[in-house]
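Beneath this line is the structure, given in structure tokens, with notes to follow.
Derivation of every value follows stated rules applied to the coordinates shown; laboratory data play no part. This is a predicted model, so every value here is computed, not measured. Glycine also receives a Cβ, built like all others from the backbone with ideal geometry; neighbour counts cover every protein chain displayed.
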Amino acid sequence: QKEVEQDPGPLSVPEGAIVSLNCTYSNSAFQYFMWYRQYSRKGPELLMYTYSSGNKEDGRFTAQVDKSSKYISLFIRDSQPSDSATYLCAMSPPQTGANNLFFGTGTRLTVIP
Amino acid sequence: DGGITQSPKYLFRKEGQNVTLSCEQNLNHDAMYWYRQDPGQGLRLIYYSQIVNDFQKGDIAEGYSVSREKKESFPLTVTSAQKNPTAFYLCASSFGATYGYTFGSGTRLTVV
């Protein structure tokens, strides 16, 4: 079983829709949760960073962590064509080792004008 | 501005050749990483380094080599032993996993 599972999609939505992207994980020690956005032929960029459980909001983006269910979500409100990208979740346990960040495989999102 | 720079953006390799991909960071990060990304397969770790002159193999190190002579630099050599090198290569750096990684813009390597 992989440490982090993410539906690869692809996901297509009309402009203005609410998008929900999700990841599940198996390691209950994970405490730090991130979402990266990757445009085509570019490197991933950090979009949202959350510690432990709860919600974090940044503009149209909301990151949600449910540690009891081992489930994290990224919501995009009023989606725009510029949100079309691959979204990768990532998570880490508290240990500050260099190689403790585990990535999902990414979900490809297309927002149709 | 601080950041991480990969070069070149595009690289073509003939069969049997070794090629070196450059990665430089000015973020003062201790750790650096090389990933390979293929369609539908996510990120796969090739090598990582926590300090100068030390590095560890990742999940798919065969056919690759690295060096870490300076904190700022972590070049990746794709050797002729790598049988399927055509891919998108990403370099990253960090203070540690809990802080997340900063990625470069990638190098697309194509075998011709």
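Using every pair of separate Cα atoms, the Kirkwood estimate puts the hydrodynamic radius of the range A:73-113 at 12.2 angstrom.
Between A:Gln64, A:Gln38, A:Gln95, the Gaussian network model of chain A with springs among Cα atoms under 10 angstrom shows the greatest mean-square fluctuation at A:Gln95. For the range B:29-79, applying the loop criterion from DSSP together with a ceiling of 11 other beta carbons within 10 Å to the GluC sites (Glu not before Pro) yields B:Glu62, B:Glu69.
With a Cα-only, solvent-free Debye model of the range B:1-83, what are the log10 I(q)/I(0) values at q = 0.17, 0.24 Å⁻¹? Rounded to two decimals, the profile gives -0.71, -1.30. The share of C-alpha pairs in the range B:50-112 whose separation exceeds 14 Å stands at 65 percent. Computed with the Debye formula from one identical point scatterer per Cα of chain A, without solvent, the log10 of I(q)/I(0) at q = 0.15, 0.20 Å⁻¹ comes to -0.60, -1.05. Computed over the Cα atoms of the protein assembly as shown, pair by distinct pair, the Kirkwood hydrodynamic radius stands at 18.1 angstrom.
The local environment of A:Leu109, defined by Cβ-Cβ distances under 10 Å, has a net charge of +1 under the rule Lys, Arg +1 and Asp, Glu -1.
List, in the order given, every pair from A:Lys2/A:Lys70; A:Lys70/B:Lys57; B:Lys14/B:Lys83; B:Lys57/B:Lys83 whose Cα-Cα distance in the structure shown is over 20 Å.
A:Lys70/B:Lys57
Backbone amide hydrogens, once placed in the peptide plane, bring A:Met48 within less than 5 Å of A:Trp35, excluding anything fewer than 5 places away on its chain. With Cβ to Cβ distances under 13 Å as the rule, what net charge do the other residues near A:Met34 carry (K, R +1; D, E -1)? Charge balance near A:Met34 sits at 0. Ordered by the count of other Cβ atoms within 10 Å of each Cβ, fewest first, A:Cys89, B:Cys23 give B:Cys23, A:Cys89.
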